[in-house]
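To start, the structure under review is shown below, and the notes come after it.
The values are calculated or read from the model by the stated rules, or taken from the named source; none is laboratory data. Just so it is clear, the structure is predicted and the values come from calculations on it, not from any experiment. Here the Cβ positions follow ideal geometry from the backbone for every residue, glycine too, while neighbour counts run over all protein chains shown. Areas reflect the complete protein model, heavy atoms only, side chains present, ligands, DNA and RNA absent. Shrake-Rupley method; radii C 1.70, N 1.55, O 1.52, S 1.80 Å.
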Amino acid sequence: MNYERVVIFIDGSNLFHAIRYMTIKIDYQRLVDFLREDRKLIRAYFYGAIPQEKDIKKNSPEWESYIRQRRFLEELSLQGIKVKLAKLRKLPSGEYVEKEVDIMLATDMLSMAHMNTYDTAVLVSGDSDFSYTVEEVQRIGKRVENASFKRTSSYQLRKVCDRFLLLDDYLDRFVVQEKIEVSQELSFWERIKKLWKG
């Protein structure tokens with residue numbers, strides 16, 4: 001076994017925009033296993049933001065979405081992925097704004113590097129704002145790998161990292177293939193055709 005210690009930092013919002021555009025569903029446990037390779041996984045973190053319950057009207061489409069998000073985050077936790085959440089702030093216009101998520105991720109990445117928690121950080125994001133954090137982590141003597149989808153990837157971030165993985169090239173390793181259930185029952189028109197041929 002490889003004794004290189006790895007921590008995976010997933011920027012949930014950045015990843016969400018890419019997979020929504022590509023209309024794919026990710027198995028996060030398989031994604032973590034793929035990124036870990038044969039190295040010792042210390043922990044995988046998922047960073048995101050959700051609205052505060054008090055800001056959402058119950059039994060509305062927004063409420064349904066909120067419940068789905070909570071279920072998804074709970075599933076991640078059950079898979080051993082540590083979920084770290086910021087709260088979405090509701091503007092007077094009714095729109096939500098995401099604050100603090102990038103700062104949380106960057107702070108954790110830096111503090112764990114200082115505490116010598118890992119040898120290599122795998123940053124799953126295409127956000128160029130992390131470039132400075134990456135350089136600081138490297139200055140401490142750690143390696144940083146970047147994994148992102150082409151849709152949300154930043155050239156600046158790829159350039160500063162020690163290694164880059166384009167996730168689009170490895171979809172078969174972590175994308176969930178949706179099973180389409182085909183009904184065995186004949187449709188009304190198929191039954192009519194069968195009767196006429198009968």
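So here's what we get for this one:
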| quantity | calculated |
| --- | --- |
| Members of the stretch 34-48 found to be open to solvent by less than 20 Å² (accessible area, probe 1.4 Å) and within 14 Å of the chain's Cα centre (by Cα), listed by number | L35, A44, F46, Y47, G48 |
| Residues of the stretch 19-33 classified as within 15 Å of L123 (Cα to Cα) and crowded, with 16+ Cβ neighbours inside 10 Å, total | 3 |
| Filtered residue count, the stretch 66-78, keeping only those that are more than 23 Å from G126 (Cβ to Cβ) and either open to solvent by 40 Å² or more (accessible area, probe 1.4 Å) or modelled with pLDDT of 85 or more (or both) | 8 |
| Within the stretch 23-47, considering residues that are among the basic types (K, R) and part of a strand (DSSP E or B), the one nearest to V7 (Cα to Cα) | R43 |
| Residue selected from the stretch 99-144 under the condition touching a residue at least 60 places away in the same chain (Cβ under 8 Å) and among the acidic types (D, E), by the criterion nearest to L167 (Cα to Cα) | D127 |
| Unmet criterion (only one of (1) in a loop (DSSP other than H, G, I, E, B); (2) surrounded by 17 or more Cβ atoms within 10 Å (Cβ to Cβ); (3) not basic (K, R)) for P92 | (2) |
| Residues that are more than 15 Å from the chain's Cα centre (by Cα), aliphatic (A, V, I, L, M) and part of a helix (DSSP H, G or I), drawn from the stretch 56-89 | I67, L78 |
| Of residues in the stretch 111-128 being within 15 Å of G12 (Cβ to Cβ) and in a loop (DSSP other than H, G, I, E, B), the one farthest from the chain's Cα centre (by Cα) | D127 |
| Count - residues of the stretch 1-16 that are surrounded by fewer than 15 Cβ atoms within 10 Å (Cβ to Cβ) and part of a helix (DSSP H, G or I) | 1 |
| Unique residue being under 25 Å from H17 (Cα atoms), in a helix (DSSP H, G or I) and either modelled with pLDDT under 95 or more than 19 Å from the chain's Cα centre (by Cα) (or both) when the list is D108, D102 | D102 |
